[in-house]
1. Which numbered condition in (1) open to solvent by 10 Å² or more (accessible area, probe 1.4 Å); (2) modelled with pLDDT of 75 or more; (3) not in a loop (DSSP other than H, G, I, E, B) is the only one that residue 71 fails?
2. I'm checking my understanding of the structure. Among residues of the stretch 756-778 that are modelled with pLDDT of 80 or more, open to solvent by 20 Å² or more (accessible area, probe 1.4 Å) and in a loop (DSSP other than H, G, I, E, B), which one is nearest to residue 740 (Cα to Cα)?
3. Please specify each residue of the stretch 607-663 satisfying the condition of being hydrophobic (A, V, I, L, M, F, W, C) and buried (at least 18 other Cβ atoms within 10 Å of the Cβ).
4. Residue under question is residue 332, and the condition is that it be open to solvent by 40 Å² or more (accessible area, probe 1.4 Å), under 30 Å from residue 126 (Cα atoms) and either without any contact (Cβ under 8 Å) to a residue 12 or more places away in the chain or among the acidic types (Asp, Glu) (or both); does it hold?
5. Hey, any hits in the stretch 473-483 for a residue that's among the polar types (S, T, N, Q) and open to solvent by 70 Å² or more (accessible area, probe 1.4 Å)?
6. Inspect all residues belonging to the stretch 487-495 and state whether any of them is of a type in the set (Val, Ile, Thr) and either open to solvent by 60 Å² or more (accessible area, probe 1.4 Å) or assigned to a loop (DSSP other than H, G, I, E, B) (or both).
7. Within the stretch 832-871, count every residue that is more than 25 Å from residue 789 (Cβ to Cβ), open to solvent by 50 Å² or more (accessible area, probe 1.4 Å) and hydroxyl-bearing (Ser, Thr, Tyr).
Amino acid sequence: MSVSSGSIVRRTLLCGAAVVSIVSGGSAMAQQAVQSGADAGAATEDSDVLIVTGSIRQSQEASINAKRRALNVADIAAADSVGRFPDQNSAAALARLPAVAVQRDQGQERYIQVRGAPNRWTSVSIDGVPLTGVDEGGDSRAFRFDAVPAVMLSQMAVNKSITADMQADAVVATIDLETYSPMDREGFHITGDAGYGFMEQGGGEQRQGSLRTGWSSDTFGVMVGGSHYRRKQLTDNREFSYDGEGPTAFDIRQYKLERWNNSLFAGIEVAASQDLRLFAKGIFTEFNDNEQRNQYVFDLVGEEDSPVTGPRGFESGDLEGVSVSGRYNFGEYRNRNYIATLGGDYQNDDGVTAEMRLNYTRTKNTSVLPLVISPHAGDVSLSYDASDPRFPVISLDGFDQSNFATGSSIMMDARQETVVDAYTGKFDIAKEFDSGLTLSGGLYYVDRDIEGNNFSFVNRVALAYGDYVGVPMDINSYVTSEAWDSQFPLGFTLNYVDNVGMRADLDDLVAAATKAELFNPAASIPVSDLYDQKESNFSAYAMGTLEADRLTINGGLRLEYYKMTNSGTTITEVKDGDDTVEFLTPLTVKNDYTDFFPSLNIRYEATDDIVLRLAGQRSVSRPAYGAIRVGASVNRTTTPGSISGGNPYLKPEYTWGLDASVEYYLPTNGILSVSGFYRWVDNPFYSREEVIGTDMYGENTSDFLYGATFNGENGKLYGLEFNFQNQFEFLPSPFDGLGFQGNVTFLGGDFDIPASGGKPAEQDVAFQGLSDTIANASLYYEKYGFSARVSYQWRSDWLDTLGGMGSGEYRQGYENLDVSLRYAINENLTVFADMANLTDEIYVAYAGTPNTPTEVEQIGSRYMFGLRFDY
């Protein structure tokens, strides 16, 4: 929901009050601890006072020092700062950094948007190896961070300007996720945590655990580890549609979710000589979501031959003849990553360094959603009070949750699967000269095999088939006596449906119907939705870095040869008398091109405390696999005809960019900085229906309406970032334990849509996901073995989906307040309490204005308590 300046002030005061309370209570705990960069957990020589392990201050200092040393514009988060937040995945942790916004799915962090830009404009590497994201159906190359637990990462770097040795797929940033090295710590060590908690809404459990152990000498190291996180939650959800008179449908939903993340990782590292280090790492991560849907849709308009009657307005209505459908589902979402890397690092006394990486990565994303749709047996009378349009209060007459027409029920088989196998090789070499010049170059090659389908919603099965195969299904028999546990006002009561039992019986029915040749599972995915692609990218770069006193100049050129072989099938429907006939046409489209990507980064230390930066770059964002699929469905039975599918001739987005920053490094190990950026964007992507204008899908199809992704024109994205971090050591004891880190980013940008097929050109169309303001603030206190942090996040409204003629659905801005508490019992054990989403946010989408919300959702606050250990 939108946040007023008064609300921000209130939240800030609450944060301050909480910390003051902590300080007041903590002053009697122990004598003052000495905070230093030394290894924590040991007592000082003069007392038995405990120093907090991996303190916030140490992590903040490490991050600031890494930022200062960087050649480019970058922000870095150290690992232990992640441990001080209630963040289970890397998306939540990265959202604490300047100009980073997070996209959530049912309240859980999934994608990040650096500088508010579309999430596809941020690329990702793990241990220096570039990875490509695979979203559901391959509709985006955005990387899913909810599948990467934060506990396996030693450092996260957000590179906002790039150097020639980084991948060019980085319009606004490339993020490097570094995992722990087996030789980070000498000797035997074991680190981990265990926690248990609950979700406020519905009381579902939360649990988490992680373990990382290893042993190393000065020549050999081995490490293994893993993590687990699980949550059970209820999600209240309402969705609405409108016409000029008022709401046309009320969609009442509640989801029961069980989500869990697992990871396993292992590594071996050998110092083969004083100059050479060899290593092997393996990583497995997974995100799982079992989702039960309880949904009822009220049609407030009706059909032409049976319209709903009665007054219908935006604030109230009193209607007769309203039809109702129940929709039930036990769905499964899975995302898995298998990552294996071999590497070698070489460095000698003559200033020569070399790095080699060989990698295999498999990413698999699947969804299975057999949705049961059942009409209510008879229309109902409905009145509503929508004075608060988010929560219409509904009164019903004639509605019976156990009176749905089983004989008219259907099952819509919805599913998708995308699998990407990637083979990567990377080699870099550099030579440092006494003059301060470093020359470097490298090669990079990746070969990807992509197979999958976009989300397919087809092959409806009449559940009445069960009568023929001996597996009858009575939808009403699955209604339980358990009432919905909802925080949203409704006006009438609903009970949960046994979705798990329904799914089990549904699977039996499908198996029996398949055996009886009444159902064909293979037809659940039309061949036009399938794609088979082979992608390769060969890159070479040359780069030079000159350090002359206070000035550092880094410049380079990256050459990339890209090739794509894109295969699929087109389905064409034509009329043959009264019948519709389908023709299948296999197609293959091949594209290849060569691109040059120059970059320049200038760093100047104006004083001992002030660093100035200026950077320029060219970069690229390539289309998603599903967006460029060859497969399409061509319908010649209507006038004009229609085409839905991919756009194999979609061009990549290219950008030129400038970055500049002024960074003031405070004597108290803090930073005050301001930075600005501008991106000129060619060929920005957008999706809608347009006249195709060519005959690429068959003769005389140039006037057909084509639903796909297209290229726009004249895009631009710009912004200004302010960042402040400081430790208030100058305050008298006990207040010298206070510290603060905060940032605010102001953003703008848009693009043009060209005229097409009689539609006029559109100008100044907003980018999807672009909030004009993003803010993060954390106030912390750390002393006497005690650590506390109050964290606040806020982002303003943004465009979520782009409709025709520039209209679309917007997401209302929201705030988020988290509190993290830690107390070190001794040098090895720390207890913690994490409280997240304390503002109990209500997430709202709307069309036009907030007075016409299209979706309203809430998941509640969450709480976790546990123990961390380090030996």
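The values are calculated or read from the model by the stated rules, or taken from the named source; none is laboratory data. Every value quoted in this text rests on a predicted model; they were computed, and no experiment measured them. Positions of Cβ are generated from backbone atoms using ideal geometry, with glycine treated the same way; all protein chains shown enter the neighbour counts. Heavy atoms of the whole protein, side chains included, go into the accessibility calculation; ligands, DNA and RNA do not. Shrake-Rupley method; radii C 1.70, N 1.55, O 1.52, S 1.80 Å.
1. Going through (1) open to solvent by 10 Å² or more (accessible area, probe 1.4 Å); (2) modelled with pLDDT of 75 or more; (3) not in a loop (DSSP other than H, G, I, E, B) one by one, residue 71 breaks only (3).
2. Taking the candidates together, the pick is 772.
3. Within the stretch 607-663, 611, 615, 620, 624, 627, 628, 630, 632, 634, 643, 650 qualify.
4. Yes, satisfied.
5. Looking for residues that are among the polar types (S, T, N, Q) and open to solvent by 70 Å² or more (accessible area, probe 1.4 Å), one finds at least one in the stretch 473-483, hence yes.
6. yes
7. Qualifying residue count, the stretch 832-871: 1.
The rows are residues; the columns are (1) assigned to a strand (DSSP E or B); (2) surrounded by fewer than 19 Cβ atoms within 10 Å (Cβ to Cβ).
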residue	(1), (2)
411	yes, no
416	yes, no
419	yes, yes
426	yes, no
435	no, yes
